[in-house]
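Below: one structure, written as structure tokens.
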Amino acid sequence: MSSQYPGPSTGPVSYPDPYSPTYASPTYASPTYGYAERPPLGPAGDLPPTPPAASPRRGLGAGAVLGLIAGAGLIAVTAGTIGGGVGYLVARETIPPAAMDATAVSASLALPSVVPGSISEIAATAQPAVVQLNIGGGAGEGTGSGFVISEDGYIITNHHVAGVAGSGGIEVAFSDGSTATGRLVGSNPGYDIAVVKVSRTGLPALPLGSSGDLNVGDAVIAVGSPLGLTGTVTTGIVSALNRPVTAGGDGDLAFINAIQTDAAINPGNSGGPLLDGTGAVIGVNSAIASLGALGGQTGSIGLGFAIPIDVAKRITDEIISTGTSTTPIIGVTLDTVFTGPGGLVESVTPGQPADIAGLQAGDLITKVDGMVVADSTQLIVTIRAKAPGDTVNLTVERDGQEAQIPLTLASQD
């Protein structure tokens, strides 16, 4: 079976679909993954695999937290290794607002003295720019996190947090206890990024760092509102880079070339910032993995995933400028039955970059810019990490021969 980009899957899949890997360890049952928000993730973009339809998992505690928002919704995911690559496929579930009613300790309490350059100083500096988003009405009712990026009120969060706000709108709660009405500027479901605007000026904003400078082992700090507990700070390290994560369901998929971290991330953290040791944002927390349910909910087991800020910044800038954003494509359909290694081209779209560059049906794409491609999912997230107009070099096998084929990525609005 095949899928023409951007036709995403209609939901989580069950075995033996090649994109629903089993957990590597025989000690545990297959782990589940989930968002901390409910919103449906949007179109995938280019080359998305289309797994066979299956009934999505619904109900409390059925999945782990993937996307941390204090409960707007959860995504159940199954993870594992496919042909050397790891992919995470998610199915959203809902956490009722009552599950997030716990009131956080007042943000107005006096801050103790902090050591310059310490985690406590970074947390104290970041807190005023981190917000809680209360989503009302519609399928997206719940709570999530976000952070201010400009003094005139632009806020980054996840699409699955704010992108599906219903008639109840978006309430933005600040660390000083004040609130404001938020307006959705735009979102990109395929990247799980949304931008919200409040009519305020003089707001403290977080500096944006560079995810491209990260190394495995670097210290990171997550700030947000897990389970509605505003101002929660957790720490850890970068556990892995370029981790292919597929999240979504009900016809919507997001493909994320994620930063993996062991910093505790739970429902409600979705959309909040992942900071480096200088206090700059290097990722947008979006998903977590968890084994089983804890008291009807899921908890962190040290596998959190964040959207790299280098990617999030491009999407955000486009949304602020135009209200929408673009997705890079190469213009092929992949054979979704083929499990790798590599991505097998089933057909080439006429007039698109792959066609212009000379790719043919039956070609096997094994590398992108020298990076080995484990499977179709990794090929997609690798392309998604680029921008329209970027030139990439594909390593392609055809009839036993290997060739280097450069092409310039096109744009899918």
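Modelled spin-label separation between Ser411 and Val372, with each label point placed 7 Å from Cα along the Cα-to-Cβ direction: 3.6 nm. Between amide H atoms placed 1.01 Å from N, distances below 5 Å from Ala287 occur with Gly67, Leu68, Phe305, all of them 5 or more places distant or on a separate chain. Neighbours of Leu208 by Cβ distance under 10 Å: Lys/Arg scored +1, Asp/Glu scored -1, total 0. Model label sites at Val216 and Arg183, defined 7 Å from Cα along the beta-carbon direction, differ in position by 4.6 nm.
What accessible area per residue, rounded to a whole number of Å², is obtained for region 197-244 using a probe radius of 1.4 Å?
In whole numbers, region 197-244 has 44 Å² accessible per residue.
For Thr181, the shell of other residues with beta-carbons less than 13 Å away shows a net charge of +2, using +1 for Lys and Arg and -1 for Asp and Glu.
Placing a label point 7 Å from the Cα of Gln404 along the Cα-to-Cβ line, the residues of region 340-384 whose backbone N sits under 14 Å from it are 367-371. Net charge in the neighbourhood of Glu346 (other residues with Cβ under 12 Å of its Cβ; Lys, Arg +1, Asp, Glu -1) is -2. For region 389-400, putting each phi into the Karplus relation 6.51 cos²θ - 1.76 cosθ + 1.60 with θ = phi - 60° gives couplings of x, 5, 9, 10, 10, 9, 8, 10, 9, 9, 6, x Hz, in residue order, rounded to whole numbers and with x for Gly and Pro. Estimated at the nearest 10 Å², the accessible area of Leu208 is 60 Å² with a 1.4 Å probe.
Per-residue accessible area (protein heavy atoms, 1.4 Å probe) orders Tyr191, Tyr154 as Tyr154, Tyr191, starting from the largest. Among the protein heavy atoms of region 258-400, carbon and sulfur supply 53% of the accessible surface, probe 1.4 Å, non-protein parts ignored.
The values are calculated or read from the model by the stated rules, or taken from the named source; none is laboratory data. Keep in mind that what you see is a predicted model, and the values were worked out from it rather than measured. Virtual Cβ from ideal backbone geometry, glycine too; neighbours counted across all protein chains shown. Each accessible area value is taken on the protein alone, full model and side chains, heavy atoms only, with ligands, DNA and RNA left out. Shrake-Rupley method; radii C 1.70, N 1.55, O 1.52, S 1.80 Å.
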